[in-house]
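> Questions regarding the structure given below will be posed in turn.
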Amino acid sequence: MEAAVTLRSVSAFYDGKPALEQISLSFPRNRITAVLGPSGCGKSTLLRAVNRMLEDEAGAAVQGQILLGGNDVQKIPVEELRRRVGLVFQTPTPFPFSIYKNMTFALRYYGVRDKAKLEAAVREKLEMAGLYDEVRQELNKSALKLSGGQQQRLCIARALTVEPEVLLLDEPCSALDVKSIATIEAMLTALKKRYTIVLVTHNIAQARRIADEVAFFNDGRLVETGEKERLFDHPQQEETRAFLSGVYG
């Protein structure tokens, strides 16, 4: 399978202390890769390293090579990289203005001014997120008045407006109700036809439901990776077996 993102011996540090150690891993194109592991194992650090957000954190450093479509991310201008690699955080982060302005913010930033193009993008991406029918009469409403699940779907839809190649999701369902989780999982399963998705989750059941590939991390190390069925049914490493059986996590 063709890789959308490839990490080669990537290590990350906070104030000199390792958070990731020599990670070599690929995320296949148009697949959902679930990144599993206990709290503090480096999952979120991994995402922030891929789109170079880690570089903006005081005391943080990254070593090794990360490739996007075969190109070293260090040689890609940061603005272009973050357009091509979207990142959605654990806590929904809608901007404190209208739904419509949230959805057009990035497009306007990148120079789109044509009203018809903006409106078409807003509708298309909100439909992808299963949100359009819920908000179509309220696009001028503050995004902060949406429910938590709606806010998270808005943030995913907003990230899609600039047509990223890769969508990084950091525990996007951790604070949501069962109905919202099911809606987002259905959305992500549909979205992989167009995008490569990397999903950090602590939820083993969620990874079983929607992932194609799984990477298990512990203590900043990549312990094991493989196709979902193989890794869940026949884990090769004792650490993986212990995590999946609920011994720790």
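The values are calculated or read from the model by the stated rules, or taken from the named source; none is laboratory data. All of these numbers come straight from a predicted model, not from anything done at the bench. Counting neighbours? That spans all protein chains shown, and the Cβs are built from the backbone with ideal geometry, glycine included. Keep in mind that these areas ignore ligands, DNA and RNA; they rest on the heavy atoms of the full protein, side chains included. Shrake-Rupley method; radii C 1.70, N 1.55, O 1.52, S 1.80 Å.
> Could you please find all residues in the stretch 68-90 being under 15 Å from Tyr109 (Cβ atoms) and in contact with a Leu (Cβ under 6 Å, 6 or more places away or on another chain)?
Gly86
> Give the residues of the stretch 180-204 that are free of Cβ contacts under 8 Å to residues at least 40 places away in the same chain and either part of a loop (DSSP other than H, G, I, E, B) or in contact with a His (Cβ under 9 Å, 6 or more places away or on another chain) (or both), sorted by residue number.
The one that is free of Cβ contacts under 8 Å to residues at least 40 places away in the same chain and either part of a loop (DSSP other than H, G, I, E, B) or in contact with a His (Cβ under 9 Å, 6 or more places away or on another chain) (or both): Asn203.
Residue by residue, here is whether (1) open to solvent by 70 Å² or more (accessible area, probe 1.4 Å); (2) closer than 30 Å to Ala12 by Cα; (3) not small (Gly, Ala, Ser) holds:
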position: Leu67; (1), (2), (3): no, yes, yes
position: Gly70; (1), (2), (3): no, yes, no
position: Ile76; (1), (2), (3): no, yes, yes
position: Phe89; (1), (2), (3): yes, yes, yes
position: Pro94; (1), (2), (3): no, yes, yes
position: Tyr100; (1), (2), (3): no, no, yes
position: Thr104; (1), (2), (3): no, no, yes
position: Tyr110; (1), (2), (3): yes, no, yes
position: Lys115; (1), (2), (3): yes, no, yes
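> Any residue at all in the stretch 35-54 that's farther than 30 Å from Glu229 by Cβ and hydrophobic (A, V, I, L, M, F, W, C)?
Step one: of the stretch 35-54, the residues farther than 30 Å from Glu229 by Cβ are 52-54.
This time we only want the ones that are hydrophobic (A, V, I, L, M, F, W, C), so: 53-54.
Yes: the stretch 35-54 contains one or more residues that are farther than 30 Å from Glu229 by Cβ and hydrophobic (A, V, I, L, M, F, W, C).
> Same structure again: Please work out which residue is nearest to Arg209 (Cα to Cα), limiting yourself to the stretch 13-24 and to residues that are open to solvent by 10 Å² or more (accessible area, probe 1.4 Å) and not acidic (Asp, Glu).
Filtering the stretch 13-24 down to residues open to solvent by 10 Å² or more (accessible area, probe 1.4 Å) leaves 13-19, 21-22, 24.
In the following step, the residues that additionally are not acidic (Asp, Glu) were identified as 13-14, 16-19, 22, 24.
Numbers: Phe13: 33, Tyr14: 34, Gly16: 37, Lys17: 35, Pro18: 32, Ala19: 28, Gln22: 29, Ser24: 25 Å.
Among residues in the stretch 13-24 that are open to solvent by 10 Å² or more (accessible area, probe 1.4 Å) and not acidic (Asp, Glu), the one nearest to Arg209 (Cα to Cα) is Ser24.
> Among the residues of the stretch 180-218, what is the count of those that are of a type in the set (Val, Ile, Thr), touching a strand residue (DSSP E or B) at 6+ places or on another chain (Cβ under 9 Å) and open to solvent by 10 Å² or more (accessible area, probe 1.4 Å)?
Within the stretch 180-218, residues that are of a type in the set (Val, Ile, Thr), touching a strand residue (DSSP E or B) at 6+ places or on another chain (Cβ under 9 Å) and open to solvent by 10 Å² or more (accessible area, probe 1.4 Å) number 3.
> Tell me which of these Glu227 doesn't satisfy, since it passes every other one: (1) open to solvent by less than 20 Å² (accessible area, probe 1.4 Å); (2) free of Cβ contacts under 8 Å to residues at least 24 places away in the same chain.
Among (1) open to solvent by less than 20 Å² (accessible area, probe 1.4 Å); (2) free of Cβ contacts under 8 Å to residues at least 24 places away in the same chain, the lone unmet condition for Glu227 is (1).
> For the stretch 127-179, what are the residues that are in a helix (DSSP H, G or I), under 29 Å from Val5 (Cα atoms) and in contact with a strand residue (DSSP E or B) (Cβ under 9 Å, 6 or more places away or on another chain)?
Gln152, Cys155, Ile156, Arg158, Ala159, Leu160
> Right, Ala116: over 22 Å from Ala4 (Cα atoms), at pLDDT 95 or above and in contact with a strand residue (DSSP E or B) (Cβ under 7 Å, 6 or more places away or on another chain) or not? Can you show your working first?
On the way: over 22 Å from Ala4 (Cα atoms): yes; at pLDDT 95 or above: yes; in contact with a strand residue (DSSP E or B) (Cβ under 7 Å, 6 or more places away or on another chain): no.
Criteria not met by Ala116.
> Kindly indicate the residue of the stretch 39-60 that is among the hydrophobic types (A, V, I, L, M, F, W, C) and part of a loop (DSSP other than H, G, I, E, B) and also surrounded by the most Cβ atoms within 10 Å (Cβ to Cβ) among those meeting that condition.
Cys41
> Next up: Has the stretch 29-38 got any residue that is over 19 Å from the mean Cα position of the chain (by Cα), surrounded by 14 or more Cβ atoms within 10 Å (Cβ to Cβ), hydrophobic (A, V, I, L, M, F, W, C) and not in a loop (DSSP other than H, G, I, E, B)?
Among the residues of the stretch 29-38, not one is over 19 Å from the mean Cα position of the chain (by Cα), surrounded by 14 or more Cβ atoms within 10 Å (Cβ to Cβ), hydrophobic (A, V, I, L, M, F, W, C) and not in a loop (DSSP other than H, G, I, E, B), which makes the answer no.
> Does any residue of the stretch 192-214 turn out to be closer than 30 Å to Pro18 by Cβ, charged (D, E, K, R) and under 16 Å from the mean Cα position of the chain (by Cα)?
Yes, the stretch 192-214 contains a residue that is closer than 30 Å to Pro18 by Cβ, charged (D, E, K, R) and under 16 Å from the mean Cα position of the chain (by Cα).
> Continuing with this model, one more query. Would you mind stating whether Ala116 is more than 30 Å from Asn203 (Cα to Cα), out of contact with any Cys (no Cβ under 8 Å at 6 or more places or on another chain), part of a helix (DSSP H, G or I) and without any contact (Cβ under 8 Å) to a residue 24 or more places away in the chain?
yes
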